[in-house]
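Peer 1: Just passing along the structure, written as structure tokens.
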Amino acid sequence: MESNKVEDQPLLQVYTPNSDFAAGFYSGQIIWGRTGNDTLRGFQPSQTTSGEPQIDLFIGDVAIDDPLFRQWNDTFVLGDFTRGYYNNGTSTNFGLNDFGFIADFNPQLDSIELYGSANNYQILDLGIGSAILQQTQAGADVVSFLLGNTNLSLNESYFAFQGTTPPPGPGVPQAQQQGTSNFDIAATTATDSNGNVYIAGGTDDDDANNSRDAVISKYDSDGNLIWTQQFGTSQFETISGIETDAEGNFYVAGITGGDLARDKQAIDSEAFVAKYDSEGNQLWIQQFGQNSIFQTFGIDVDAEGNAYLTGIDVKPSETDIATDDFWVAKFDTDGNQVFFTETGSVDDAFDESYDVTVSNDGSVYTTGWTLGDLAGPNAGAYDTYISKFDNNGELEWIRQFGTSDYEWGWGVDTDSQGNVYTTGWTLGSLVEEGNAGSYDVFLTKYDSLGNQIWVRQFGTSGDDEGFDLFIDDSDNIFLTGYTTGGFVGGNAGSFDPWVAKYDIDGNQIWLQQFGTSAFDQAYAVTANGDDVYVTGITQGSLGGVNTGAVDTWSAKLDASTGALVDFGGSSLAANSSSGTALSVSNTNSNSQPITDQATIDFIKNFFKTFTTETLGLPENSGGPTGAGLEVLLRDPYGRPEPVPEPSMGIGLMAIATVTWISKRLRASSK
């Protein structure tokens, strides 16, 4: 039976070693970006009451599995142009009921995004770190503690103030942009035989019960919105894959933290698969899972309407660090499970799968990564792999490859001849030409027997990552991902999306890069005849005026040339015609900065107690080096243990509600 208790929700949200937008799923999480140039943002409830508790912990670069101990440029999001985050305090508690605790901020590399301007905030030095306070209607409110950082200045460039109006734009007027005032993500896309485009993901909007709901939108080929479906429970739901069949139906795969289609059996989350007709009517839905964390990240559909899914199965352990295996499953067109096959390394290492495809002969392929000896000795750390199953779910072969550094597989597809292709990223050198500088994109081709035919690696001196690929009926290969460099011309300002076309011999036909001065990433690509469609997220005004926080976007390109084609439809016209900034609430007031030493000492003592007693960290921990944070990082999939509430003596009654967040984390890198 579903529970709404916070302690039944996952405390730790672990992201990948690539450059993620690391967004919290619930109030009160520890968000761990690990390796990469990550953007970290806690879950922001759409509705709150004054004094409601929320404490999120942010850990960016602490990656104790990185052999080179690299440091990266992380961004910690504490506000957007519509509002500041973690400012839900009262006039008597200084906002200590809700704040973002940043454990490893590095002023030389990282940045913090804040609402408004420097005039809205105050910095307090607190010995073992600093506090950021926002001036609100209720008074000065602590919105963040920065462990291991003192002598900070609001006038320095590591504070990125977002102002009070949307970012200028649209930067790409041909594109479509949709969103709410909160966090929205478009993770997957597909087309049907009539040229309609389906885009799916999740939203944290007002209708999502202070969690995240799954969202599906259908557009015609010109970008006109036909309908949108939103569904979920009081827990977390999102869609990770979508595909269509020859009859015009579509299928989605996703993740639920609740009782979406049955009573949840797994501790944390489960997978679901659902079939809809072309009008958006649900025909059936199946939820399945086991053990601790059970999730799906990919779906494909064959000519008979059978659906194939893949994902991960995390198994709890009483004594050792939990590990996971990957699985592949088949459902017939009526929603009956045909097979479920799970496999993993012989050494009980981490093995995960992120995409699945079915070839014309019914063979099923998956790709992902492993830390183990899945198909031979591991080359160093994270290796990528490709696996083949027959149509009965029997494993035929696995090919594992990598360098002494990191490799990660994200996408897989097959051509008309039965060859299979994968894409992802590498921090190493998979080709003789070597690495271009940091993360590089790779594209590989194998025959149906598992023989590697070729591998391509490309990149800039920046951060370049491949995220998805799609092969059309003419065997054209389309890739998408994101870059901080300039593949063609310069970079628009941060992460830019890119789309590329290759032939089956590995020759690049074209590459298109676009974006805004803000954060833009591409997550999925598909094609239909002469058109290519790509979708992702933006903090900017890419295809229209940003509606707040993070919006979704979709773009259409000419398959022959890579040129951007108008996909604005009626939604683009509506957004761009207004030409005015959104109405936002001004959280500034005439309240004065805190100067009273007794109040400063109270906040200082709270910070020290929370750090050393609640979290169990040494006083000299955190900051640019991330020293001492390993105590928080033992088992990324372990269940949290309760810890004592912060003990401050007199005055603590106003903030005692933080105890439901403050739990010792048992976590470590995979």
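Peer 1: Given the conditions (1) in contact with a strand residue (DSSP E or B) (Cβ under 7 Å, 6 or more places away or on another chain); (2) surrounded by fewer than 21 Cβ atoms within 10 Å (Cβ to Cβ); (3) among the charged types (D, E, K, R), report the number of the one that Asp313 does not fulfil.
Peer 2: The number of the failed condition is (2).
Peer 1: Could you tell me whether any residue of region 44-57 is closer than 30 Å to Gly462 by Cβ, assigned to a loop (DSSP other than H, G, I, E, B), out of contact with any helix residue (DSSP H, G or I) (no Cβ under 6 Å at 6 or more places or on another chain) and not charged (D, E, K, R)?
Peer 2: Of region 44-57, the ones closer than 30 Å to Gly462 by Cβ are 44, 56-57.
Still in the running and assigned to a loop (DSSP other than H, G, I, E, B): 44.
Narrowing the set further to residues that are out of contact with any helix residue (DSSP H, G or I) (no Cβ under 6 Å at 6 or more places or on another chain) leaves 44.
Now drop any that are not not charged (D, E, K, R), which leaves 44.
Checked region 44-57: at least one residue is closer than 30 Å to Gly462 by Cβ, assigned to a loop (DSSP other than H, G, I, E, B), out of contact with any helix residue (DSSP H, G or I) (no Cβ under 6 Å at 6 or more places or on another chain) and not charged (D, E, K, R).
Peer 1: Here's a follow-up. Can you pull out every residue in region 130-170 that is of a type outside the set (Val, Ile, Thr) and either at positive phi or out of contact with any strand residue (DSSP E or B) (no Cβ under 8 Å at 6 or more places or on another chain) (or both)? If you could, list the steps in order and put the result at the bottom.
Peer 2: Looking only at region 130-170, we keep the residues that are of a type outside the set (Val, Ile, Thr), and these are 130-131, 133-135, 137-141, 144-149, 151-163, 166-170.
Scanning region 130-170 gives Gln137, Ala138, Gly139, Gly148, Asn151, Asn155, Glu156, Gly163, Pro166, Pro167, Pro168, Gly169.
Peer 1: On to the next question. Based on this model, can you work out whether Asp468 counts as in contact with a strand residue (DSSP E or B) (Cβ under 7 Å, 6 or more places away or on another chain), buried (at least 21 other Cβ atoms within 10 Å of the Cβ), closer than 20 Å to Gly368 by Cα and assigned by TED's automatic domain parsing to the domain that holds Ala187? First the steps, then the outcome.
Peer 2: Numbers: in contact with a strand residue (DSSP E or B) (Cβ under 7 Å, 6 or more places away or on another chain): yes; buried (at least 21 other Cβ atoms within 10 Å of the Cβ): yes; closer than 20 Å to Gly368 by Cα: yes; assigned by TED's automatic domain parsing to the domain that holds Ala187: yes.
Answer is yes for this residue.
Peer 1: Also, quick follow-up: How do the strands (runs of 3 or more DSSP E) wholly within region 451-517 filter down when requiring 1 or more residues that are under 23 Å from Val358 (Cβ atoms): which remain? Before the answer, list the steps.
Peer 2: Numbers: elements: 452-458, 464-471, 477-483, 496-502, 508-513.
Qualifying strands (runs of 3 or more DSSP E): 452-458, 464-471, 477-483, 496-502.
Peer 1: Another question, if that's okay. What is the residue count in region 29-82 for residues that are hydroxyl-bearing (Ser, Thr, Tyr) and touching a strand residue (DSSP E or B) at 6+ places or on another chain (Cβ under 9 Å)?
Peer 2: First pass over region 29-82, keeping only residues hydroxyl-bearing (Ser, Thr, Tyr): 35, 39, 46, 48-50, 75, 82.
Within this subset, residues satisfying the condition of being touching a strand residue (DSSP E or B) at 6+ places or on another chain (Cβ under 9 Å) are 39, 48, 75.
Total meeting the criteria: 3.
Peer 1: Which pairs turn up if I take residues in region 1-27 that are more than 17 Å from Gln295 (Cα to Cα) and look for partners that are in a strand (DSSP E or B) and at pLDDT below 50 with beta carbon separation below 8 Å, at least 6 apart in sequence or on another chain?
Peer 2: Glu7/Pro642; Glu7/Lys663
Peer 1: Might you let me know whether region 279-290 holds any residue that is buried (at least 24 other Cβ atoms within 10 Å of the Cβ), in the same structural domain as Val215 (by TED's automatic domain parsing) and either among the hydrophobic types (A, V, I, L, M, F, W, C) or in contact with a Ser or Thr (Cβ under 6 Å, 6 or more places away or on another chain) (or both)?
Peer 2: So far as region 279-290 goes, no, none of its residues is buried (at least 24 other Cβ atoms within 10 Å of the Cβ), in the same structural domain as Val215 (by TED's automatic domain parsing) and either among the hydrophobic types (A, V, I, L, M, F, W, C) or in contact with a Ser or Thr (Cβ under 6 Å, 6 or more places away or on another chain) (or both).
Peer 1: Among strands (runs of 3 or more DSSP E) lying entirely in region 220-276, which contain 1 or more residues that are over 20 Å from the mean Cα position of the chain (by Cα) and of a type in the set (Lys, Arg)?
Peer 2: Details: elements: 225-231, 237-244, 250-256, 270-276.
Fully inside region 220-276 and qualifying: 270-276.
Peer 1: Of all residues being touching a strand residue (DSSP E or B) at 6+ places or on another chain (Cβ under 6 Å) and loosely packed, with under 15 Cβ neighbours inside 10 Å in region 617-656, which is modelled with the highest pLDDT? Just the residue, please.
Peer 2: Filtering region 617-656 for residues that are touching a strand residue (DSSP E or B) at 6+ places or on another chain (Cβ under 6 Å) and loosely packed, with under 15 Cβ neighbours inside 10 Å, the one modelled with the highest pLDDT comes out as Glu641.
Peer 1: Could you check, for region 350-364, whether at least one of its residues is assigned to a loop (DSSP other than H, G, I, E, B), touching a residue at least 12 places away in the same chain (Cβ under 8 Å) and under 25 Å from the mean Cα position of the chain (by Cα)? Show your work before the answer.
Peer 2: Pass one, region 350-364, residues assigned to a loop (DSSP other than H, G, I, E, B): 350, 359-363.
Filter once more, keeping what is touching a residue at least 12 places away in the same chain (Cβ under 8 Å): 350, 359-363.
Retained after the next criterion (residues that are under 25 Å from the mean Cα position of the chain (by Cα)): 350.
Checked region 350-364: at least one residue is assigned to a loop (DSSP other than H, G, I, E, B), touching a residue at least 12 places away in the same chain (Cβ under 8 Å) and under 25 Å from the mean Cα position of the chain (by Cα).
Peer 1: Quick check: is even one residue across region 139-146 at pLDDT below 95, touching a Phe, Trp or Tyr at 6+ places or on another chain (Cβ under 8 Å) and not charged (D, E, K, R)?
Peer 2: For region 139-146, residues at pLDDT below 95, touching a Phe, Trp or Tyr at 6+ places or on another chain (Cβ under 8 Å) and not charged (D, E, K, R): present.
Peer 1: Does at least one position in region 371-378 carry a residue that is in contact with a strand residue (DSSP E or B) (Cβ under 8 Å, 6 or more places away or on another chain), at negative phi and assigned to a strand (DSSP E or B)?
Peer 2: Checking region 371-378: not a single residue is in contact with a strand residue (DSSP E or B) (Cβ under 8 Å, 6 or more places away or on another chain), at negative phi and assigned to a strand (DSSP E or B).
Peer 1: Could I ask something else about it? If you go through region 100-139, how many residues are hydrophobic (A, V, I, L, M, F, W, C), part of a strand (DSSP E or B) and within 21 Å of Pro45 (Cα to Cα)?
Peer 2: Step one: of region 100-139, the residues hydrophobic (A, V, I, L, M, F, W, C) are 101-103, 105, 109, 112, 114, 118, 123-124, 126, 128, 131-133, 138.
Then drop every residue that is not part of a strand (DSSP E or B), which leaves 101-102, 112, 114, 123-124, 131-133.
Of the ones still in play, those that are also within 21 Å of Pro45 (Cα to Cα) are 101-102, 112, 114, 132-133.
Residues that pass the stated criteria total 6.
The values are calculated or read from the model by the stated rules, or taken from the named source; none is laboratory data. It should be emphasised that the depicted structure is a prediction, and the values quoted were computed from it without experimental measurement. Using ideal geometry, Cβ is built from the backbone for each residue, glycine included, and neighbour counts are taken over all protein chains shown.
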